[in-house]
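Inspection log for the structure reproduced underneath, given as structure tokens.
Read the figures in this text as sums done on the coordinates, not as results from a lab. Everything numeric in this text was worked out from a predicted model, so none of it was measured. With ideal geometry, Cβ positions are generated from the backbone for all residues, glycine too; neighbour counts draw on all protein chains shown.
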Amino acid sequence: MLRRHARAACTALAAAGMVLAGLQAGSATAAQPSPGTAPAVQSAARALGAAEARPELLAAMGRDLGLTRAQAERRLANEAEAGATAARLRDRLGGAFAGAWVEGAESGTLTVATTRAADLAAIRAAGATARLVRHDLAALERAKESLDRAAGAEAPVRYVDVRANVLVVEETRAGAGARLAAETGVARELVRVVRSAEAPRALYDLRGGDAYYMGGGGRCSVGFPVTRGTTQGFATAGHCGRAGQSTSGYNQVAQGTFQASVFPGSDMAWVAANSSWTATPYVKGAGGANVQVTGSVLQPVGASVCRSGSTTGWHCGTIQQHNTSVTYPEGTISGVTRTTVCAEPGDSGGSYISGSQAQGVTSGGSGNCSSGGTTFFQPLNPILSAYGLTLRTTGTDPGPGPGPGEPEPGGTWKAGTVYAAGATVTYGGATYRCLQGHQAQAGWEPPNVPALWQRV
């Protein structure tokens with residue numbers, strides 16, 4: 001948990017450069033518009049705002065990831081295309097899918113793993129590197145769930161390392177990982193135990209990353225500004241406050257009240273602001289500049305991610321593992337994402353963003369921003385879904401829409417709904433399956449965005 005003092009702004013992104021040719025081609029071939037229509041199909045990089053990166057974001061990526069501006073631009077574009085390609089392949093491979101990740105300074109290589117040799121050619125045809133492994137992702141995640149139910153503070157972190165095709169247990173006491181595997185009956189061949197010198201703790205103390213103060217003491221950071229109907233507010237970490245607790249803003253002016261909060265189990269909450277505060281579609285970036293938020297598509301393992309917090313400001317790193325479980329002294333939380341970004345007390349609740357896509361809110365970690373560390377974020381989409389919130393975004397170009405006298409396409413797809421990967425909708429007389437979890441918005445109708453939807 002991270003708690004302290006600061007304000008957050010966001011930066012809009014600057015022109016993204018070249019994209020992996022194979023992945024870009026994969027996006028184009030995936031577009032399957034409804035008969036009789038001609039939707040404005042967008043590449044994944046364009047649809048997710050990768051081509052609009054602002055200099056401030058690129059500069060932070062350069063500082064923390066050792067990239068030139070051109071490399072940072074290409075990395076953001078490649079990551080958007082890789083995420084879309086990986087999602088389509090996961091849908092195609094089904095139970096044999098064993099994970100996907102990007103590598104290289106510019107995320108120029110996407111690797112997709114499978115347990116079925118017959119899939120290797122299809123993976124390569126989509127422009128990705130194919131890897132044949134022993135364990136499928138679903139089996140490893142089921143084993144992790146068994147460990148999660150029995151884990152204690154001596155084995156505080158568990159996650160599936162898709163690159164190594166193994167379930168990792170971090171232990172703070174020798175033998176704790178092996179005992180946990182034995183107690184739960186999880187096959188030892190699935191588990192790799194890693195010794196950790198530090199146990200994570202939650203990071204305590206309306207722009208993402210700005211400071212706010214809880215009534216009764218303590219400071220956290222705004223995650224992402226949201227709305228619920230006509231009410232404005234923000235998403236943040238659950239450990240920062242409980243329902244009914246009041247907040248004041250970075251300027252110590254009365255701000256709002258926690259409406260709902262879950263911790264442990266998950267680490268999610270939202271605060272409804274009073275009429276003096278307006279939700280904006282920004283995160284506080286380097287030097288206080290605004291970084292724009294255009295959506296909430298969760299990025300793949302290996303992708304770049306930046307964090308804004310009220311103690312340490314703006315820092316970047318990479319996504320290590322999704323669906324990690326962490327046992328803090330207060331209890332276990334599951335479904336968080338592990339990253340290489342540093343954080344310190346007071347940064348809790350603050351924003352994680354990849355390009356212009358909101359990723360989640362700071363939960364906890366270990367280390368600091370002087371020597372480096374590991375942090376975990378609670379993904380944002382489950383918060384939006386649980387509380388019926390709408391992420392504030394700068395919006396996208398919805399395209400021309402129906403012509404004069406033409407009917408609306410109709411169907412079950414609806415802007416504002418949070419869709420998980422695998423969900424199905426109808427739109428314009430066709431059925432589509434969701435490839436990457438996100439909150440739908442105008443301009444992201446299924447036939448327009450093959451990065452997010454596959455026609456079935």
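Each other residue within a Cβ distance under 12 Å of ARG142 adds +1 if Lys or Arg and -1 if Asp or Glu, for a net charge of -2. Taking every alpha-carbon pair under 8 Å whose residues sit at least 6 apart, segment 232-307 reaches a relative contact order of 27 percent. Approximating the spin labels as points 7 Å out from Cα along Cα→Cβ, the ASN368-to-SER246 distance works out to 3.3 nm. Amide H contacts for GLN359 (H built 1.01 Å from N in the peptide plane; partners 5 or more residues away or on another chain; cut-off under 5 Å): TYR352, ILE353, SER354.
Applied to segment 274-288, the Karplus parametrisation 6.51 cos²θ - 1.76 cosθ + 1.60 on θ = phi - 60° returns per-residue 3J(HN,Hα) values of 7, 5, 7, 10, 10, 6, 10, x, 9, 10, 6, x, 4, x, x Hz, with x for Gly and Pro.
Measuring r between the beta carbons of THR426 and ALA150 and using R0 = 51 Å, the FRET efficiency lands at 0.75.
The Cα-based radius of gyration of segment 103-176, divided by its Kirkwood radius, gives an Rg/Rh of 1.10.
Taking the average, over residues, of other Cβ atoms within 10 Å as the packing measure, peptides 95-101, 167-173, 82-88, 220-226 rank 220-226, 82-88, 95-101, 167-173 from highest down. How would you classify segment 295-341 from its alpha-carbon gyration tensor, with a ≥ b ≥ c the square roots of the eigenvalues: rounded for a/c under 1.5, else prolate if a/b is greater than b/c, otherwise oblate? Here segment 295-341 falls in the oblate category. You can think of it this way: the chain between ARG134 and THR68 has 20.0 nm of extra reach, that is 0.36 nm per residue less the Cα-Cα gap. Other residues within the sphere of radius under 10 Å centred on the Cβ of GLY422, judged by their own Cβ, net out at +1 (K and R +1, D and E -1). Counted by Cβ distance under 11 Å from THR374, the other residues give a net charge of -1, where Lys and Arg count +1 and Asp and Glu count -1.
Each residue of segment 340-350 is assigned a 3J(HN,Hα), and the resulting list reads 9, 6, 7, 6, 9, x, x, 7, 3, x, x Hz, derived from the Karplus form 6.51 cos²θ - 1.76 cosθ + 1.60 (θ = phi - 60°), x at Gly and Pro. The modelled label-to-label distance between SER275 and ARG142, using points 7 Å beyond Cα along the C-beta direction, is 5.6 nm. Ranking GLY185, LEU206, SER196 by Cα position along the charge dipole of segment 172-231, where only Lys, Arg, Asp and Glu carry charges on their C-beta atoms, puts GLY185 farthest toward the positive end. If the segment from LYS414 to VAL253 were pulled out straight at 0.36 nm per residue, it would be longer than the present Cα-Cα gap by 54.3 nm. Of the peptides 178-191, 149-162, 348-361, the ranking by mean beta-carbon count within 10 Å, highest at the top, reads 348-361, 149-162, 178-191.
For the listed peptides 206-214, 379-387, 280-288, a ranking on the average number of other beta carbons within 10 Å per residue, highest first, reads 206-214, 280-288, 379-387. Structural size metrics of segment 260-381, computed from C-alpha coordinates, are Rg and Dmax of 13.8, 41 Å. A Förster distance of 25 Å, applied to the separation of the beta-carbon atoms of ARG116 and ARG455, puts the FRET efficiency at 0.55.
Placing unit charges on the Cβ atoms only, positive for Lys and Arg and negative for Asp and Glu, gives the chain a dipole magnitude near 280 debye about its Cα centre. For the chain, the 222 nm mean residue ellipticity estimated from helices alone, with every DSSP H stretch of n ≥ 4 adding -39500 (n - 2.57) and the total spread over all residues, rounds to -6000 deg cm²/dmol.
Couplings 3J(HN,Hα) for segment 142-156, derived from phi with the Karplus relation 6.51 cos²θ - 1.76 cosθ + 1.60 (θ = phi - 60°), are 5, 5, 5, 4, 5, 5, 4, 5, 10, 5, x, 5, 7, 10, x Hz, where x marks Gly and Pro.
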